[in-house]
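First comes the structure, then the notes that go with it.
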Amino acid sequence: MLDMQQLNRRRALGLITTALLAPACGGAPADSAASPPPRPSPSLGKASEVISVNEPRPGELHLVFDIKDTPELHTPLPDDDRIASYRSRIAARLHGDVSPRELLRRQRAVMESIGSERARGDAENAAMLLEGRAGTLGPATALESLLFLEQAGRWPMIEHPSEFGAFILRGKERIRVYFSSFESVGGKIRGEVNERVLADEKAGFEVLAHLHNHTFMFDRVPGDRMWTTPETVNDVGGALAPSTTDVQFYRSIREMIGLQGAWVTNGLDTARFAASDFDRLNAAG
């Protein structure tokens, strides 16, 4: 028979063995695969080139970005403090509603009240987007948000509204962006940029879309830098329907370059149009 001292030693040994085995028995199998590391957040990276243009306007800048084509670029950007802050500030100015449909209804009413031929065309374009007859609405993708933030990094978008345009190309597992930034509301299409896009298309790139932003515009007065007239004082912008001037541009570029679509963003949401929509939308005559 075991005396008490031997029994206690065996019990202690059993407890030690159990403690040593517990992690292996209760934890994950030793050969289980480790969790994959989180994917890096999408980024434009540094511009690969600056395109020089003839007689640039003050603040005008044309950049080229070459980015690896990943699924993350084409889905909404993960939580970003800059976008969240911008949304909150816009919502405060608009008393809460920044939905793309409400912005379209607001601008449609302004254009209908003006009553000119061009304004009626702009109002009808808004109606077509609202009613699903042309284009679709959705959250801004990471690529669209990053380009908007690139512009916002140059000028504060609420205090100093400004616009950018960008040709979005895809090829060779890359996204190539020709980004044109302007200090003003509205910009100028440059032949130097168009020539580069055309050359890339001939080299096998798809011209997915032309993207530009419709900026929000507050505290407007007639004759200001936002081209405000007495009729547009209450137009806060940010609506995603293309203007008749936009559509005229899309049609002309489609004839020159194989433009597959057009995207209009306000930094929060985006309207996307196929090339076939250009013929349904109203264009400046």
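The values are calculated or read from the model by the stated rules, or taken from the named source; none is laboratory data. Quick caveat: nothing in here was measured; it's all calculated off a predicted structure. Every residue, glycine as well, gets a Cβ built from its backbone with ideal geometry; the counts of neighbours run over all protein chains shown.
Couple of notes before you dig in:
- If you check N194, N125 for being at pLDDT 95 or above, within 30 Å of I51 (Cα to Cα) and either touching a Leu at 6+ places or on another chain (Cβ under 7 Å) or not hydrophobic (A, V, I, L, M, F, W, C) (or both), only one passes: N194.
- Breaking point among (1) modelled with pLDDT of 95 or more; (2) at positive phi, for V221: (2)
- Of the numbered criteria (1) assigned to a strand (DSSP E or B); (2) surrounded by fewer than 21 Cβ atoms within 10 Å (Cβ to Cβ), the one E231 fails is (1).
- Of all the criteria given as (1) closer than 21 Å to Y250 by Cα; (2) surrounded by 14 or more Cβ atoms within 10 Å (Cβ to Cβ); (3) in contact (Cβ under 8 Å) with a residue 24 or more places away in the chain, the one not satisfied by L146 is (1).
- Every pair of residues 6+ apart whose Cβ atoms lie under 6 Å, when the first sits in the stretch 31-58 and is at positive phi while the second is of a type in the set (S, T, N, Q) and modelled with pLDDT under 80: none
- Filter result (free of Cβ contacts under 8 Å to residues at least 24 places away in the same chain and among the hydrophobic types (A, V, I, L, M, F, W, C)) within the stretch 72-110: A84, A91, A92, A109
- Flag: G165 does not match the condition of being on the phi > 0 side of the Ramachandran plot, crowded, with 20+ Cβ neighbours inside 10 Å and under 22 Å from the mean Cα position of the chain (by Cα).
- Of the set (1) touching a residue at least 40 places away in the same chain (Cβ under 8 Å); (2) surrounded by fewer than 18 Cβ atoms within 10 Å (Cβ to Cβ); (3) part of a helix (DSSP H, G or I), all apply to E183 but (3).
- Residue under evaluation F205, criteria (1) farther than 24 Å from P100 by Cα; (2) without any contact (Cβ under 8 Å) to a residue 12 or more places away in the chain; (3) of a type outside the set (K, R), criterion not met: (2)
- Test: residue in the stretch 5-27 that is surrounded by 10 or more Cβ atoms within 10 Å (Cβ to Cβ) and either at pLDDT 95 or above or within 20 Å of the chain's Cα centre (by Cα) (or both): no
- Residues being under 17 Å from R118 (Cβ atoms), touching a helix residue (DSSP H, G or I) at 6+ places or on another chain (Cβ under 9 Å) and without any contact (Cβ under 8 Å) to a residue 40 or more places away in the chain - total across the stretch 210-244: 1
- Scanning the stretch 182-206 for residues being within 16 Å of L147 (Cβ to Cβ) and touching an Asp or Glu at 6+ places or on another chain (Cβ under 7 Å) gives a total of 2.
- Selection within the stretch 203-239: residues that are of a type in the set (V, I, T) and under 19 Å from the mean Cα position of the chain (by Cα). The member of this set that is nearest to D69 (Cα to Cα) is V207.
- Restricting V233, V264 to those that are at pLDDT below 95 and within 22 Å of R101 (Cα to Cα) reduces the list to V233.
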